[in-house]
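Enquirer: Provided herewith is a single structure, encoded as structure tokens, for subsequent inquiry.
What follows is calculated from the coordinates using simple rules that are stated; it is not laboratory data. Since the model is a prediction, treat every value here as computed from it, not as a measurement. Heads up, the Cβs are rebuilt from the backbone with ideal geometry, glycines too, and the neighbour counts pull from every protein chain shown.
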Amino acid sequence: MNMEFTDFYDILRENLNSYRGDYERIVDYAPDLFRLLSDLLQSRDIQREDRLMICAAMGYLVAPNDIIPEEIFGPHGYIDDVYLCSVVIDELAGRMGYRFLEEYWSGDEDLESVVEECISRTSEILGDKRSSVLEYTGLR
């Protein structure tokens with residue numbers, strides 16, 4: 001029995017590929033942010049605490065009943081996921097630098113600019129829900 005498995009990155013990309021709407025630019029970053037976090041786990045330079053933070057963000061991406069569930073809100077449900085991934089990446093950059101993170105980034109745009117835009121836009125959209133996202137994952 002030959003079964004082909006689909007990578008979670010590809011599932012995210014497929015789910016978001018046809019989305020057109022107000023938050024299209026922001027939610028389209030979700031697959032690349034996921035891939036960056038996933039690839040960073042392969043680095044021996046990532047410390048235990050940072051690994052836990054990365055895993056919390058990755059787990060949040062697949063949690064079915066997070067703060068804004070995709071099952072209910074569709075692509076808009078990725079806004080909180082993008083927020084959390086961006087916050088985690090920004091914290092990692094504060095310790096390791098964006099230059100280090102860029103080695104693992106496969107996106108087309110400058111990583112620091114992407115993270116800044118994602119944090120700014122998702123923070124604006126989420127408002128008070130930001131703290132709920134961080135609490136859900138144990139990061140606050």
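Enquirer: State which stretch of the chain is the longest one without any exposed chymotrypsin sites (Phe, Trp or Tyr not before Pro), exposure meaning a DSSP loop state and at most 14 other Cβ atoms within 10 Å.
Expert: With a cap of 14 other Cβ atoms within 10 Å, the longest stretch comes to 20-140.
Enquirer: Something else: Which part of the stretch 96-133 falls in the paramagnetic zone of residue 47, meaning amide N under 17 Å from the point 7 Å along Cα-to-beta-carbon?
Expert: Label zone hits: 96-98, 100-101.
Enquirer: P(r) for the stretch 1-113, please, calculated from all Cα pair distances in 5 Å bins and given in %.
Expert: Bins of 5 Å from zero give 2, 12, 22, 24, 19, 12, 7, 2, 1, 0 percent of pairs.
Enquirer: Which FRET efficiency value, to the nearest 0.05, do you get for residue 90 and residue 6 by plugging their Cβ-Cβ distance into 1/(1 + (r/R0)^6) with R0 = 22 Å?
Expert: 0.15
Enquirer: In sequence order, what are the phi-derived ³J(HN,Hα) couplings for the stretch 27-40 according to the Karplus relation 6.51 cos²θ - 1.76 cosθ + 1.60 with θ = phi - 60°, rounded to whole Hz, with x for glycine and proline?
Expert: So the J values, rounded to whole Hz, are 5, 5, 7, 3, x, 5, 5, 4, 4, 4, 4, 4, 5, 5.
Enquirer: Let me ask another. May I ask you to compute the full-extension gain from residue 73 to residue 140, defined as 0.36 nm times their residue separation minus their alpha-carbon distance, rounded to one decimal in nm?
Expert: Once the chain is fully extended between residue 73 and residue 140, it gains 21.7 nm.
Enquirer: Using the Karplus curve 6.51 cos²θ - 1.76 cosθ + 1.60 with θ = phi - 60°, what ³J(HN,Hα) values do you get for each residue of the stretch 119-124, in whole Hz, with x for Gly and Pro?
Expert: 5, 4, 5, 5, 4, 4
Enquirer: Output needed: percent of Cα pairs per 5 Å distance bin for the stretch 62-119, bins running from 0 to the one holding the longest distance.
Expert: That works out to 4, 19, 25, 20, 13, 14, 6, 1, in percent per bin.
Enquirer: When only DSSP loop residues count, what trypsin sites (Lys or Arg not before Pro) in the stretch 28-88 have their Cβ near at most 14 other Cβ atoms within 10 Å?
Expert: Working: sites: 35, 44, 48, 51; in loops: 44.
Answer in residue order: 44.
Enquirer: For labels at residue 25 and residue 55 in the simple 7 Å Cα→Cβ model, what's the distance in nm?
Expert: About 3.6 nm separates the two model spin labels.
Enquirer: Below 8 Å between Cα atoms, with a sequence gap of 6+, how large is the relative contact order for the stretch 1-83 in percent?
Expert: It rounds to 31 percent for the stretch 1-83.
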